[in-house]
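A short write-up of the structure that comes next.
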Amino acid sequence: MWVYIDKIADFVDKEVIIKGWLYNIRSSGKLMFPEFRDGTGVIQGVVAKNGVSEKIWEDFGKLTQESSLIVKGTVSKHPKKEGVYELQVSDLEIVAIAEPYPITPKEHGVDFLADKRHLWLRSPRQMAIMRVRNEILQSIRDFMYENGFTLFDAPIFTPNACEGTSTLFSTDYFDLGKAYLSQSGQLYAESGAMALGKVYTLGPTFRAENSMTRRHITEFWMMEPEMAYFDIDDDMNLIEDFLSYVVQRVIKNKRQELEFLGRDLTKLEKVVKPFPRVTYDEAVEILRKKDIPLIRKTANGEEQIRPFPWGEDFGAPHEEAIVEDFDKPVMVHRWPSEAKAFYMKRDPDNPKVALGVDVLAPEGFGEIIGGSQREDNLDFLLERIKEHNLPMEEFEWYLDLRRYGSVPHSGFGLGIERLVSWICNLEHIREAIPFARRPNRIRP
RNA sequence: UCGAAGAUAGCUCAAUGGUGGAGCAUUCGGCUGUUAACCGAAGGGUUGGGGGUUCGAGUCCCCCUCUUCGAGCCA
């Protein structure tokens, strides 16, 4: 009977068939200890020379790392290790002998592993990350579904630039000129919210930013909910509920994987609502008290250091300083409107700030969510589009949403790979997606 | 785009300006409880590319390419 390794404990003393690959093999004269993996786990086999036919013994001698095979044997408990099972092998069918495998059980450099990404994904660590990613995406879908959101897929080819064209990938689109790869589905989600009330998009987005950091990829997945009649506080309430649900569910269902990745679960267990809410003004106060300055390179290459001025965006050291006193995600809200996107609504109580919110993950993982209440007034929106020098004709359909029954509404965008990086405690975002796209890498 | 470090065997790394080595992987041999098993042997190199200094360059100098790590930008 064909069984998967993760279910092997149910088959002690029974004869089973495992279909998979050879992960490693050790031999000790008349004994061999092949390790089999099948995608669900790894199990050590025991092959005794006097327990199998001469042909099977010889066949095991031919096996190389990652050779594919089908083995038959009896499941037994490990003689020394509690809770560990072995397969007493009785038969072997070689499916394919693998050529010398480039990824050995020893250490490798990141560039080499990136070149062999299609094979690297077979290592236990990468498989654990992919299982956590799967759980994260499933829990997102479940949360949205159970809370009355409708999945509303946004197009990937777009004619317009949501926030300027400098960071867009472009391609030819028949007789219609240039098409751009979407960097956000938000504007389309807003039209969905006006139709269905609560919607979300979930799909790939693209940024042509030459950012070579551990937190950037050029193609990343984003989840963007958009809710009619939600103000900025409703938006933040949703963020709390949502993030708490996802993190706690991943801990519950993927504990083994997180532990394998060396994740400190006590830190994730603290991620339950409410989250601290810090206004931009308060955040600037924190930076001044902690003496974290703004450092800028001037035109002649000199470093200019000054106390953090109101109105500037936060860099990596600032985010870290703001987050370090908290053990939960921090919601920084009410940002200087000058620095923010055209669609954000100004605070009626203080027009200098926009009703935007950024969620900074703990432990220095930085921004994982950016959201806002949207400008619902047609005239203000027209002003903003002019101020930002955006092509008015491309936004006509978007302006219609304000012409035909405009309502207050809010939403946010969540970077899936950054969430995966944080939950898995990854050094680099390249491990958070099967095939990371970065400015210097498009293969494999 | 800027700054720093780096590129030597399939991989990870050594090598005062003076005959380029080791571990793993591969091949062969040994071992009946191995755990990144171990022991023995073998094969494996245009030292990223180009130019220069020198009796002699992996090593020093210049140019280029690529990589890594930071910064900026952002999710």
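Residues in segment A:344-366: is at least one among the aromatic types (Phe, Trp, Tyr) and within 30 Å of A:Asp400 (Cβ to Cβ)?
Among the residues of segment A:344-366, not one is among the aromatic types (Phe, Trp, Tyr) and within 30 Å of A:Asp400 (Cβ to Cβ), which makes the answer no.
Among the residues of segment A:325-359, which ones are without any contact (Cβ under 8 Å) to a residue 60 or more places away in the chain, within 14 Å of RNA strand B (Cβ to nearest atom) and over 22 Å from A:Asp241 (Cα atoms)?
A:Trp335, A:Pro336, A:Ser337, A:Glu338, A:Ala339, A:Lys340, A:Met344, A:Ala354 - these are the residues of segment A:325-359 that are without any contact (Cβ under 8 Å) to a residue 60 or more places away in the chain, within 14 Å of RNA strand B (Cβ to nearest atom) and over 22 Å from A:Asp241 (Cα atoms).
A:Phe412 is checked against (1) part of a loop (DSSP other than H, G, I, E, B); (2) crowded, with 20+ Cβ neighbours inside 10 Å and fails just one. What number does that condition carry?
Unmet for A:Phe412, out of (1) part of a loop (DSSP other than H, G, I, E, B); (2) crowded, with 20+ Cβ neighbours inside 10 Å: (1).
Does A:Glu35 qualify as being out of contact with any Asp or Glu (no Cβ under 9 Å at 6 or more places or on another chain) and part of a strand (DSSP E or B)?
Spelling it out, A:Glu35 is indeed out of contact with any Asp or Glu (no Cβ under 9 Å at 6 or more places or on another chain) and part of a strand (DSSP E or B).
Can you pull out the residues in segment A:117-146 that are touching a residue at least 60 places away in the same chain (Cβ under 8 Å) and assigned to a loop (DSSP other than H, G, I, E, B)?
Within segment A:117-146, A:Leu121, A:Arg122 meet the criteria.
Rundown of residues vs (1) closer than 20 Å to A:Lys328 by Cα; (2) modelled with pLDDT of 95 or more; (3) in contact with a helix residue (DSSP H, G or I) (Cβ under 8 Å, 6 or more places away or on another chain), yes/no style:
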position: A:Lys252; (1), (2), (3): yes, yes, no
position: A:Gly262; (1), (2), (3): yes, no, no
position: A:Thr298; (1), (2), (3): no, no, no
position: A:Glu303; (1), (2), (3): no, no, no
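Which condition does A:Arg26 not pass, out of (1) exposed (fewer than 12 other Cβ atoms within 10 Å of the Cβ); (2) within 15 Å of RNA strand B (Cβ to nearest atom); (3) farther than 23 Å from A:Leu119 by Cα, if it passes all the others?
(3)
Can you pull out every residue in segment A:111-148 that is surrounded by 15 or more Cβ atoms within 10 Å (Cβ to Cβ) and touching a Lys or Arg at 6+ places or on another chain (Cβ under 7 Å)?
The answer is A:Ala114, A:Arg131, A:Val132, A:Glu135, A:Ser139.
Can you tell me which residues in segment A:389-434 are more than 9 Å from RNA strand B (Cβ to nearest atom) and touching a Lys or Arg at 6+ places or on another chain (Cβ under 6 Å)?
Hits for segment A:389-434 are A:His409, A:Val420, A:Asn425.
Just checking, which of A:Val42, A:Val12, A:Val47 is in contact (Cβ under 8 Å) with a residue 60 or more places away in the chain, within 11 Å of RNA strand B (Cβ to nearest atom) and not hydroxyl-bearing (Ser, Thr, Tyr)?
Exactly one of A:Val42, A:Val12, A:Val47 is in contact (Cβ under 8 Å) with a residue 60 or more places away in the chain, within 11 Å of RNA strand B (Cβ to nearest atom) and not hydroxyl-bearing (Ser, Thr, Tyr), namely A:Val42.
Output yes when any residue across segment A:159-168 is within 11 Å of RNA strand B (Cβ to nearest atom), at pLDDT below 95 and closer than 25 Å to A:Cys424 by Cβ, and no when none is.
For segment A:159-168, residues within 11 Å of RNA strand B (Cβ to nearest atom), at pLDDT below 95 and closer than 25 Å to A:Cys424 by Cβ: absent.
What is the one condition in (1) acidic (Asp, Glu); (2) touching a residue at least 12 places away in the same chain (Cβ under 8 Å); (3) at negative phi that A:Glu107 does not satisfy?
Just one mismatch for A:Glu107, condition (2).
When the residues of segment A:103-157 are narrowed to those that are touching a Pro at 6+ places or on another chain (Cβ under 9 Å) and among the basic types (Lys, Arg), which ends up farthest from RNA strand B (Cβ to nearest atom)?
A:Arg133
Determine if segment A:188-200 includes at least one residue that is farther than 23 Å from A:Arg334 by Cα, within 13 Å of RNA strand B (Cβ to nearest atom), assigned by TED's automatic domain parsing to the domain that holds A:Ser372 and not acidic (Asp, Glu).
no
Give me the residue from segment A:367-383 that is surrounded by fewer than 22 Cβ atoms within 10 Å (Cβ to Cβ) and outside any strand (DSSP E or B) and, out of that set, nearest to RNA strand B (Cβ to nearest atom).
The qualifying residue nearest to RNA strand B (Cβ to nearest atom) is A:Leu381.
Condition test on A:Leu63, is it in contact with a Pro (Cβ under 7 Å, 6 or more places away or on another chain) and farther than 25 Å from A:Met130 by Cα?
Against the criterion (in contact with a Pro (Cβ under 7 Å, 6 or more places away or on another chain) and farther than 25 Å from A:Met130 by Cα), A:Leu63 qualifies.
Having 1 or more residues that are outside the structural domain of A:Leu378 (by TED's automatic domain parsing) and within 30 Å of the chain's Cα centre (by Cα) is the bar; report the helices (runs of 4 or more DSSP H) wholly within segment A:258-366 that clear it.
Fully inside segment A:258-366 and qualifying: A:280-290, A:316-323.
Using the structure shown, decide if A:Ile56 is assigned to a helix (DSSP H, G or I), outside the structural domain of A:Trp21 (by TED's automatic domain parsing), within 15 Å of RNA strand B (Cβ to nearest atom) and on the phi < 0 side of the Ramachandran plot.
Considered against the rule, which asks whether it is assigned to a helix (DSSP H, G or I), outside the structural domain of A:Trp21 (by TED's automatic domain parsing), within 15 Å of RNA strand B (Cβ to nearest atom) and on the phi < 0 side of the Ramachandran plot, A:Ile56 comes out as no.
Does A:Lys62 fit the bill of being near RNA strand B (Cβ under 10 Å from one of its atoms) and without any contact (Cβ under 8 Å) to a residue 12 or more places away in the chain?
So A:Lys62 fails the test.
The values are calculated or read from the model by the stated rules, or taken from the named source; none is laboratory data. Bear in mind that the values here come from a model prediction, so they are computed numbers and not experimental data. Methodologically, a virtual Cβ is constructed for each residue, glycine included, from the backbone with ideal geometry; neighbour enumeration extends over all protein chains shown.
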